[in-house]
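Asker: First the structure, which I've put down as structure tokens, then a few questions once you've had a look.
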Amino acid sequence: MKFSATPEFFSLFPEARIALVIVHGVDNRPREETALPPLLREAQASAVARLGSGALTEHPRIHCWREAYRAFGAKPKDYPSSIENLLRRALKGELLRSINPLVDLYNVVSLTHLLPAGGEDLDAIEGDVVLTRASSEEPKVKLLGEAEERSPKPGEVIYKDELGAICRRWNWKEADRTKLTEETRNAVLVLEAIPPITKPELEGAANSLSRLVHEHCGGSASIEVLDRQRPEAVFEAK
């Protein structure tokens with residue numbers, strides 16, 4: 001499988017970096033006795049403490065994503081980035097619900113490092129994955145938690161495979177078709193960075209996620225980092 005970002009994407013976000021944590025042979029079934037809920041609570045408390053008392057929208061690691069969304073025509077008030085959405089819930093004191101180990105672990109890393117994270121089931125992806133800007137002819141896609149299928153807006157940033165978008169508005173919401181479930185055995189976990197998030201910070205987050213997945217889910221993991229100078233990576237899908 002090839003995972004790439006297009007020149008159209010990098011022309012808008014030349015300093016963006018995407019870290020891929022590719023995992024194979026994991027056990028993603030929830031366990032009755034698990035350390036993940038405490039890890040989530042600890043990461044949530046750490047994130048709230050780190051944010052301090054200032055406005056969330058003015059924090060550098062949130063403000064940068066709001067500006068990025070505006071750059072491709074999305075209103076951040078209506079479509080918050082995944083990290084902003086996660087932090088808003090944390091600041092309200094809402095305990096994050098455990099979903100499944102892989103989702104829990106990328107949420108832990110997202111909160112710990114204050115950057116967006118997500119993931120896709122590699123066995124549900126058709127063909128290669130491209131990070132690009134949507135055309136006017138994108139097929140409709142059903143997103144997580146939504147009843148109706150809708151097409152991406154022309155110009156918005158999307159991840160897509162041969163069948164259509166698998167995540168809309170960069171990291172706003174993922175498609176139901178490729179979501180991580182307890183049956184997932186092979187996955188690509190995605191971490192994203194734009195300034196002020198640095199390359200070492202992104203790589204540190206990816207290494208942490210890789211270690212946590214191996215510790216809690218077994219299997220094997222490899223890491224690839226994409227940027228304008230290295231816009232694609234090829235890896236085994238299964």
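Asker: Identify, from the list Gly127, Gly118, Gly164, the residue that is buried (at least 24 other Cβ atoms within 10 Å of the Cβ), modelled with pLDDT of 95 or more and small (Gly, Ala, Ser).
Answerer: Details: Gly127 fails: buried (at least 24 other Cβ atoms within 10 Å of the Cβ); Gly164 fails: buried (at least 24 other Cβ atoms within 10 Å of the Cβ).
Residue meeting the stated conditions: Gly118.
Asker: Something else now. Where in segment 98-194 are the strands (runs of 3 or more DSSP E), entirely inside, with at least 1 residues that are under 24 Å from Ser220 (Cβ atoms), hydrophobic (A, V, I, L, M, F, W, C) and touching a residue at least 12 places away in the same chain (Cβ under 8 Å)? Write out each step before concluding.
Answerer: On the way: elements: 117-121, 129-133, 157-161, 164-168, 187-193.
Once the strands (runs of 3 or more DSSP E) in segment 98-194 are filtered for at least 1 residues that are under 24 Å from Ser220 (Cβ atoms), hydrophobic (A, V, I, L, M, F, W, C) and touching a residue at least 12 places away in the same chain (Cβ under 8 Å), what remains is 117-121, 129-133, 164-168, 187-193.
Asker: If Lys238 meets every condition in (1) surrounded by fewer than 17 Cβ atoms within 10 Å (Cβ to Cβ); (2) modelled with pLDDT of 95 or more apart from one, which number is that one?
Answerer: (2)
Asker: Considering only segment 4-27, how many residues are outside any strand (DSSP E or B) and aliphatic (A, V, I, L, M)? Full working, then the answer.
Answerer: In the first step, residues of segment 4-27 are kept if they are outside any strand (DSSP E or B); the result is 6-16, 25-27.
Those still in the list that are aliphatic (A, V, I, L, M) too: 12, 16, 26.
Within segment 4-27, residues that are outside any strand (DSSP E or B) and aliphatic (A, V, I, L, M) number 3.
Asker: Pick from Ala35, Ala16: which is within 28 Å of Pro195 (Cα to Cα) and of a type outside the set (Val, Ile, Thr)?
Answerer: Numbers: Ala35 fails: within 28 Å of Pro195 (Cα to Cα).
Sole residue among the options that is within 28 Å of Pro195 (Cα to Cα) and of a type outside the set (Val, Ile, Thr): Ala16.
Asker: Restricting to segment 82-138, name every residue that is of a type in the set (A, V, I, L, M), under 23 Å from Phe10 (Cα atoms) and more than 17 Å from the chain's Cα centre (by Cα).
Answerer: Residue satisfying the conditions is Ala134 alone.
Asker: Please pick out the residue among Arg41, Arg70 that is within 19 Å of Asp104 (Cβ to Cβ), among the basic types (Lys, Arg) and outside any loop (DSSP other than H, G, I, E, B).
Answerer: It is Arg41.
Asker: If we keep just the residues of segment 200-220 that are among the small types (Gly, Ala, Ser) and farther than 12 Å from Pro101 by Cβ, which is farthest from the chain's Cα centre (by Cα)?
Answerer: To start, the set of residues in segment 200-220 that are among the small types (Gly, Ala, Ser) comprises 204-206, 208, 210, 218-220.
The next check asks that each one be farther than 12 Å from Pro101 by Cβ; those that pass are 204-206, 208, 210, 220.
Details: Gly204: 16, Ala205: 12, Ala206: 12, Ser208: 15, Ser210: 14, Ser220: 20 Å.
Once the filter is applied, the top-ranked residue is Ser220.
Asker: On to the next question. For segment 208-228, which residues satisfy the criterion of being touching a strand residue (DSSP E or B) at 6+ places or on another chain (Cβ under 8 Å) and of a type in the set (Gly, Ala, Ser)?
Answerer: Selection gives Ser210, Gly219, Ser220, Ala221, Ser222.
The values are calculated or read from the model by the stated rules, or taken from the named source; none is laboratory data. Remember, predicted model here, so these are calculated numbers, not experimental data. Note: ideal-geometry Cβ built from the backbone for every residue, glycine included; neighbour counts use all protein chains shown.
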